[in-house]
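> Below you will find the structure I want to go over with you.
The values are calculated or read from the model by the stated rules, or taken from the named source; none is laboratory data. The structure presented is a predicted model; accordingly, all values stated were derived computationally and were not measured. Because the Cβ atoms are built from the backbone with ideal geometry, glycine has one as well, and the counts that use them run over all protein chains shown.
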Amino acid sequence: MAEITIIEAVNLAMARALENSPDVIIFGEDVGLNGGVFRATDGLQQRYGTDRVLDTPLAETLIAGMAIGMASQGLRPVAEIQFMGFIYPTIEQMICHATRLRNRSRGRITCPMVLRAPYGGGIHAPEHHSESTEAIFAHMPGLRVVIPSSPLRAYGLLLAAIQDPDPVVFLEPKRIYRMMKQEVADDGEALPLDVCFQLRDGTDVTLVTWGAMTHETLQAADQLEAEGVSCDVIDVATIKPLDMETILNSVARTGRCVIVHEAARTCGVGAEIAAQLAEHGLLSLFAPVQRVTGYDTIMPMFKLENDYMPSTDRIIAAVKKTLEEA
Amino acid sequence: MAEITIIEAVNLAMARALENSPDVIIFGEDVGLNGGVFRATDGLQQRYGTDRVLDTPLAETLIAGMAIGMASQGLRPVAEIQFMGFIYPTIEQMICHATRLRNRSRGRITCPMVLRAPYGGGIHAPEHHSESTEAIFAHMPGLRVVIPSSPLRAYGLLLAAIQDPDPVVFLEPKRIYRMMKQEVADDGEALPLDVCFQLRDGTDVTLVTWGAMTHETLQAADQLEAEGVSCDVIDVATIKPLDMETILNSVARTGRCVIVHEAARTCGVGAEIAAQLAEHGLLSLFAPVQRVTGYDTIMPMFKLENDYMPSTDRIIAAVKKTLEEA
Amino acid sequence: MTNEEKKCVAQFEIHYTQLLNQQGELVGPLPEFAASAEALIALYRTMVQTRTFDTKAIALQRTGKMGTYSSSLGQEAVSVGIGSAMRFEDVLLPTYREYGAQFQRGVAMSEILRYWGGDERGMAYQHQPHDMPITVPIATHVPQCAGIAYAMKLRNEPRVAVSVLGDGATSKGDFYEGINVAGAWQLPMVVVVTNNQWAISVPRDVQTHAQTLAQKAIAAGIPGEQVDGNDVIAMRHVMLNALERARSGAGPTLIEAITYRMHDHTTADDASRYREQTVVDEHKLLDPIERLKKYITAHHNWDETQENELHETCAAEVEAAVSSYLETPPAPPETMFDHLYETLPDALQSQRDEVERLGKQKQGGDDNG
Amino acid sequence: MTNEEKKCVAQFEIHYTQLLNQQGELVGPLPEFAASAEALIALYRTMVQTRTFDTKAIALQRTGKMGTYSSSLGQEAVSVGIGSAMRFEDVLLPTYREYGAQFQRGVAMSEILRYWGGDERGMAYQHQPHDMPITVPIATHVPQCAGIAYAMKLRNEPRVAVSVLGDGATSKGDFYEGINVAGAWQLPMVVVVTNNQWAISVPRDVQTHAQTLAQKAIAAGIPGEQVDGNDVIAMRHVMLNALERARSGAGPTLIEAITYRMHDHTTADDASRYREQTVVDEHKLLDPIERLKKYITAHHNWDETQENELHETCAAEVEAAVSSYLETPPAPPETMFDHLYETLPDALQSQRDEVERLGKQKQGGDDNG
Ligand SMILES: Cc1ncc(C[n+]2csc(CCOP(=O)(O)OP(=O)(O)O)c2C)c(N)n1
Ligand SMILES: Cc1ncc(C[n+]2csc(CCOP(=O)(O)OP(=O)(O)O)c2C)c(N)n1
Ligand SMILES: [Mg+2]
Ligand SMILES: [Mg+2]
């Protein structure tokens, strides 16, 4: 069993899905011969043919709309949007149709599609290539939004997304595409959706995060450990619908919570988690919930991107603040 | 000085703006001869000509993009999207360009545009005509999102939006377009943006809301008053950027907060307000913040829309809950 | 500029088909199907049925028994032509005026009424498993149509996906994205533009400087043609050919059907604000039902007895649908959660419980509505 | 189907212009401007300047001194043709390969380097007040172009808005929405499609079944034409005519400029994964710079001395730009808030303060980057 990266795990999951079901179709811009700009679909067209792995014209609204059409016919389309910065033309299709077809037709027509996109900053990419706007999708009833943060979860969650009978937006943290390797058994086993993953057990403070930020968050937890602070680290993984139970249980134990995400703070998914903590966990909170996030300004071009994104230092400072108070 | 409705105040503000500056241009679908499907632009084309008040082809991406182009040339475009349910094709333009032109060009090119749209449910309209997805826009750095809830505020805030040097999404609560009348002096005076409006002073609980929900919220406050509960009622009005100071000050006095909005709960703007209360106002809160919102399901077609939207009863129940606790 | 320096590299023509003129006279060769009285009378019946429904639906709205409704008055030949040419196993992606096609495809009148009555159950289409529900966000169904057509092609099914949209809709980007991929991938797909000359208050000429809407097809490199949309024989004929091409693997077609919106845009609209009634009246002369009636009266012995019988049958059918609609008990409020996902996520259970509880309270107290 | 029943209602032709063939020989009538040696040499200089810049920019990226860069190699004639034909007061809406036009319009080389070096100040265009910065989200600038053109028309300014985009971009809906309104409103606007045969790895024929991209104009009812985009004389000629039409109120034009992307899509791309080098090599024979060089050598005494001098000048200019770029101190991190709104909203002040504080801390400790 080889050790593979996240991007390889994404590739492996799609290959497995293509292998297991003739209904799985992969498409998007440059996903064919080129294998995707990040190589997520590398080799898939060669192995599964141009009918099942194919390049589309350059049109994101079309990509989403076609995925919906295919899904309505019982296919399992897995469509790639090249970067999250180009996902906006899909919104009308996603919010008006993907999320509503089942509801609208009272279950007669369903929409088991996956819309994949690499997201997040930190790779010194050009303008518009570093977006984290998952909150927009997390606000849409009828959708699932899933974000893996390790090769194992990339494999297991993508398979789960493809098998899911409802539409899933699957966002891949591109900064950590090749950052770590894990042994991943290509056993076709999906991981559960709609639940958080516990990355680390601790008692003093709960750190809640997802995507590439799991990296900084775990680093912060390491450093804090050395200083005698024990962190519970939770990878939310499915940010819509939210598994608040796991988060609330953790905070009930620790009494403190720091939420870390790359996206702009205002109306980010961190707000929802913090709001639910305030609603359902107020009495267990010893200190105000802290959010360590991207700022409410345009994600700067790459010279300043590290000043925008949450750093290990910022996370540690926020943890210390929750420890100081109350 | 005549008493006018919200829709008339919207019309009056646009007429005033057209009158005061040759740079103001009104356009959208059916805004010309037809005067808009809600009559927001009634009579404007007749008075200000087809060059300044004009129908566009049926293309929302185009409408937003043209507004950006015009604004970049120093015009003051006021573009109408017929219903918020059709605003999604504008998102790419708004998030990639309207919000970024100033930043991207380091102030060389600016984008003083207004994108107006009627929003919200409760008028027994067809599918897609009852949307409240303001949170999507509230998440965008660089944007203002403004929502009036009375004729006076419709007039003053729309003028402010048109005068604002940056892009504004101006959402009009269509359910109360004709619900109330107020005397509005057509004096060209703008109201301030970025601040909440205090609708009612109270001591026991803070009710925070915007748009058509101010109606139910004020009704709830009336009923609660009769039962001896004194409500501070705040109309947020500019939901992006948020004037948290006013809300925090109120909650510092009352110790309790109920947030009311029509939009789906998860990742709604209420989450941001609740999250900030938990961050900055935790110690003044006697009880968990309550959110009374639309549910996290598709806004149902109109037979069930009243079961979806927050009612006076649901607001009262939430207030009582905050009073019971702690 | 002289001619030498410019080389012509591509040439295109757009054609228009009319078979029955305004007076109901044949002006082109009769297509095979149209030789049969039965076939023509079937088309006639469905047009009359559709109009009978339409009249009643407007009345329901006017009397507060239904919500906003969009009339298909004057456009029956387009819709009936489409519906009559399609096979049941094809997929129709309609807008909000395709009743004529929908009825032929098994959608119940009571379902359409339920839909405009604000009830999702009006899109369940109990007897039509294939078709998409009415699409409200303009042109968004064209990319979906391409996806459906791709599924058919991939599976080698001899099926066709058909989307119908308006003249206004041809201005929206997704329309072009959809027809472009239909060309690029040679999909089994037909796109019908019902050019009824208006997009709410915006006349056809304000939408585009293109002299025909059929020529939009040229951008996608696919065949585009015009047809008299008030001539149901031509409409069905052109549609049959396009479906046959698509079904046989010869690729997509764009059809511009020229007709006229005789009613307000919807019952929420007041067309007198932006168009002269005299112009509308002129278009009455082009009425598709009258036109076919003249033809079958002249050539197939259609008479007043048959005409009266037909109207009675249609009226009875519509009345039955109205009763069924009016008698439908409202869905319990908590069902707003029941088709959101296949299985309700745990996170939403408490919301569903709340709606159920409040619904029961309300039922106990005041009544629903 | 017989012919009688179908009436031709519209006809279209698409023309192609080439004036200088592959061998640098004149194959059409020389446009007025091209009689002047000076004019041709100016075009030649800018093409060489652009290519010199391009080569250096790639080198900067390869040596880690700059981020991802998109090359304009082989497409210089398109861009230089556009830029040379426009007036300063016109507005250019470029994509990420229009350096040839941008330099002529006053954008500094150092600004382009700053841009690809990840610095917003590279879009401030200190000497070019009118033009939009590079547009990355494909085709989104076409609707903006229409808005700009509308402003010009409304104010009766004799100005034109020009957007340039790729072959791939013609698949995206907003492209059509923009050209459609340009036609409907007869806007002073020119849209140039730089057909370089590739959209990253996707070949032109996979984008669309349309035999030319120029014919996309027919959908909008506007003139569309093809030009040899490796022939800078033809390019400038066609562009001048289109600008003149637009400026004089005669409406918009769509120009398809046929060229070839000689480099990888960007420095982040590896074209050998999806195209044969031999095909690329064949296109070397069509090189726009070589072609004009042959012509001016044959007709205007262009010689090796002048050639060498030109290369030296260009190299020096590029070196100066590189130095300026490399010497630019990074912007203070808190400036990320300074152009978000005209005035920073109170709600954001504490975030700006935090970034400033952290920036200073970092400067105190380790260095920036
Ligand atoms: C994306 C979108 N924008 C706006 C609307 C509002 N609207 C509904 S119908 C209509 C006009 C449609 O005109 P056309 O396409 O010609 O169809 P017709 O109604 O004439 O059948 C408009 C603007 C909508 N439904 N969807
Ligand atoms: C909306 C959008 N989708 C995807 C991308 C990613 N992308 C960048 S360039 C490109 C191909 C563009 O091809 P073309 O329009 O032919 O221009 P060229 O690069 O060949 O000049 C793609 C897909 C993007 N920038 N914007
Ligand atoms: Mg129409
Ligand atoms: Mg290209």
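> With the structure loaded, tell me whether residue D:194 is surrounded by fewer than 24 Cβ atoms within 10 Å (Cβ to Cβ), more than 16 Å from ligand 1 (Cβ to nearest atom) and either modelled with pLDDT under 95 or of a type in the set (Ser, Thr, Tyr) (or both) or whether it fails that test.
Taking the combined requirement at face value, the residue does not satisfy it.
> Still on this structure, I have one more. Residue check, residue B:259 against (1) farther than 25 Å from residue A:255 by Cα; (2) buried (at least 22 other Cβ atoms within 10 Å of the Cβ), all met but one. Which one?
Unmet condition: (1).
> Going through region A:217-236 one residue at a time, which ones are aliphatic (A, V, I, L, M) and without any contact (Cβ under 8 Å) to a residue 40 or more places away in the chain?
A:218, A:221, A:226, A:233, A:234
> Here's something else I'd like to know. Considering only residues of region A:140-160 that are within 14 Å of chain B (Cβ to nearest Cβ) and in contact (Cβ under 8 Å) with a residue 60 or more places away in the chain, which is surrounded by the fewest Cβ atoms within 10 Å (Cβ to Cβ)? Before the answer, list the steps.
Applying the first criterion (within 14 Å of chain B (Cβ to nearest Cβ)) to region A:140-160 yields A:140-145.
Remaining after also requiring in contact (Cβ under 8 Å) with a residue 60 or more places away in the chain: A:140, A:143-145.
Numbers: A:140: 25, A:143: 23, A:144: 25, A:145: 28.
Filtering region A:140-160 for residues that are within 14 Å of chain B (Cβ to nearest Cβ) and in contact (Cβ under 8 Å) with a residue 60 or more places away in the chain, the one surrounded by the fewest Cβ atoms within 10 Å (Cβ to Cβ) comes out as A:143.
> Quick one: which of B:3, B:60 is farther than 27 Å from residue C:205 by Cα and among the acidic types (Asp, Glu)?
Values: B:60 fails: farther than 27 Å from residue C:205 by Cα.
After ruling out the rest, the residue left standing is B:3.
> Right, here's the next one. Answer yes or no: is there a residue in region A:296-307 that is surrounded by fewer than 24 Cβ atoms within 10 Å (Cβ to Cβ), more than 14 Å from chain D (Cβ to nearest Cβ) and without any contact (Cβ under 8 Å) to a residue 24 or more places away in the chain.
No: region A:296-307 contains no residue that is surrounded by fewer than 24 Cβ atoms within 10 Å (Cβ to Cβ), more than 14 Å from chain D (Cβ to nearest Cβ) and without any contact (Cβ under 8 Å) to a residue 24 or more places away in the chain.
> Out of the residues in region A:174-209 meeting the condition of being of a type in the set (Asp, Glu) and more than 15 Å from the chain's Cα centre (by Cα), tell me which one is farthest from residue A:162 (Cα to Cα).
The extreme case among them is A:204.
> Still on this structure, I have one more. Take region D:194-214 and flag every residue that is more than 12 Å from chain C (Cβ to nearest Cβ), in a strand (DSSP E or B) and more than 8 Å from ligand 2 (Cβ to nearest atom).
If the condition is that a residue be more than 12 Å from chain C (Cβ to nearest Cβ), in a strand (DSSP E or B) and more than 8 Å from ligand 2 (Cβ to nearest atom), then no residue fits.
> Okay, moving on. Can you find a residue that is crowded, with 24+ Cβ neighbours inside 10 Å and either within 14 Å of chain D (Cβ to nearest Cβ) or small (Gly, Ala, Ser) (or both) anywhere in region B:2-10?
yes
> Here is a further query. Considering only region A:87-101, I want to know if a residue exists there that is out of contact with any strand residue (DSSP E or B) (no Cβ under 6 Å at 6 or more places or on another chain) and under 26 Å from residue D:270 (Cβ atoms).
no
> Could you go through region C:262-269 and let me know if any residue there is within 14 Å of chain B (Cβ to nearest Cβ) and surrounded by fewer than 19 Cβ atoms within 10 Å (Cβ to Cβ).
yes
> Does residue C:227 satisfy the criteria of being within 10 Å of chain D (Cβ to nearest Cβ), more than 30 Å from residue D:202 (Cα to Cα), β-branched (Val, Ile, Thr) and buried (at least 24 other Cβ atoms within 10 Å of the Cβ)? Break it down into steps so the answer makes sense when it comes.
Working: within 10 Å of chain D (Cβ to nearest Cβ): yes; more than 30 Å from residue D:202 (Cα to Cα): yes; β-branched (Val, Ile, Thr): yes; buried (at least 24 other Cβ atoms within 10 Å of the Cβ): yes.
Yes: the conditions hold for residue C:227.
> Still on this structure, I have one more. What tally of residues in region D:104-138 results from selecting those that are within 17 Å of residue D:328 (Cα to Cα) and among the aliphatic types (A, V, I, L, M)?
Total meeting the criteria: 7.
> Just to verify a result, which residue in region C:174-186, among those that are within 8 Å of another protein chain (Cβ to nearest Cβ) and hydrophobic (A, V, I, L, M, F, W, C), is nearest to ligand 1 (Cβ to nearest atom)?
The extreme case among them is C:175.
> Let me ask something additional. Checking the structure you have, find out if any residue of region B:4-11 is among the hydroxyl-bearing types (Ser, Thr, Tyr), under 23 Å from residue B:71 (Cα atoms) and more than 16 Å from ligand 4 (Cβ to nearest atom).
Taking every residue of region B:4-11 in turn, none turns out to be among the hydroxyl-bearing types (Ser, Thr, Tyr), under 23 Å from residue B:71 (Cα atoms) and more than 16 Å from ligand 4 (Cβ to nearest atom).
> Could I ask something else about it? Check D:57, D:101, D:77 and return the single one that is surrounded by 19 or more Cβ atoms within 10 Å (Cβ to Cβ), within 14 Å of another protein chain (Cβ to nearest Cβ) and within 16 Å of ligand 2 (Cβ to nearest atom).
D:57
> Would it be correct to say that residue B:108 is part of a loop (DSSP other than H, G, I, E, B), of a type in the set (D, E, K, R) and within 14 Å of another protein chain (Cβ to nearest Cβ)? Don't jump to the end; show me each part of the working.
Values: part of a loop (DSSP other than H, G, I, E, B): yes; of a type in the set (D, E, K, R): yes; within 14 Å of another protein chain (Cβ to nearest Cβ): yes.
Yes, satisfied.
> To continue, here is another question. Hey, among A:91, A:123, which residue is away from ligand 1 (no atom under 16 Å from the Cβ), farther than 21 Å from residue A:13 by Cβ, outside any strand (DSSP E or B) and of a type in the set (Val, Ile, Thr)?
A:123
> Oh, and also: Could you list, in sequence order, all residues of region C:172-230 that are within 22 Å of residue C:261 (Cβ to Cβ) and either among the aliphatic types (A, V, I, L, M) or within 16 Å of ligand 4 (Cβ to nearest atom) (or both)?
C:190, C:191, C:192, C:193, C:199, C:200, C:202, C:206, C:210, C:213, C:214, C:227
> Identify, by number, the condition in (1) surrounded by fewer than 15 Cβ atoms within 10 Å (Cβ to Cβ); (2) modelled with pLDDT of 95 or more; (3) in contact with a Pro (Cβ under 9 Å, 6 or more places away or on another chain); (4) within 11 Å of chain B (Cβ to nearest Cβ) that residue C:356 doesn't meet.
(1)
> OK, next. How many residues are within 14 Å of chain B (Cβ to nearest Cβ) and more than 13 Å from the chain's Cα centre (by Cα) if we restrict to region C:104-124?
Residues in region C:104-124 being within 14 Å of chain B (Cβ to nearest Cβ) and more than 13 Å from the chain's Cα centre (by Cα): 13 in total.
> Out of region C:215-229, which residues are of a type in the set (A, V, I, L, M, F, W, C) and assigned to a loop (DSSP other than H, G, I, E, B)?
Residue satisfying the conditions is C:222 alone.
> Go through region D:126-150 and report how many residues are surrounded by fewer than 24 Cβ atoms within 10 Å (Cβ to Cβ) and under 20 Å from residue B:99 (Cα atoms).
Adding up the residues that qualify gives 4.
> For region C:17-52, enumerate the residues that are within 11 Å of chain D (Cβ to nearest Cβ) and assigned to a loop (DSSP other than H, G, I, E, B).
C:18, C:19, C:27, C:28, C:29, C:30, C:31
> Just need a number here: residues in region A:45-72 that are surrounded by 23 or more Cβ atoms within 10 Å (Cβ to Cβ) and either of a type in the set (A, V, I, L, M, F, W, C) or more than 16 Å from ligand 4 (Cβ to nearest atom) (or both).
16
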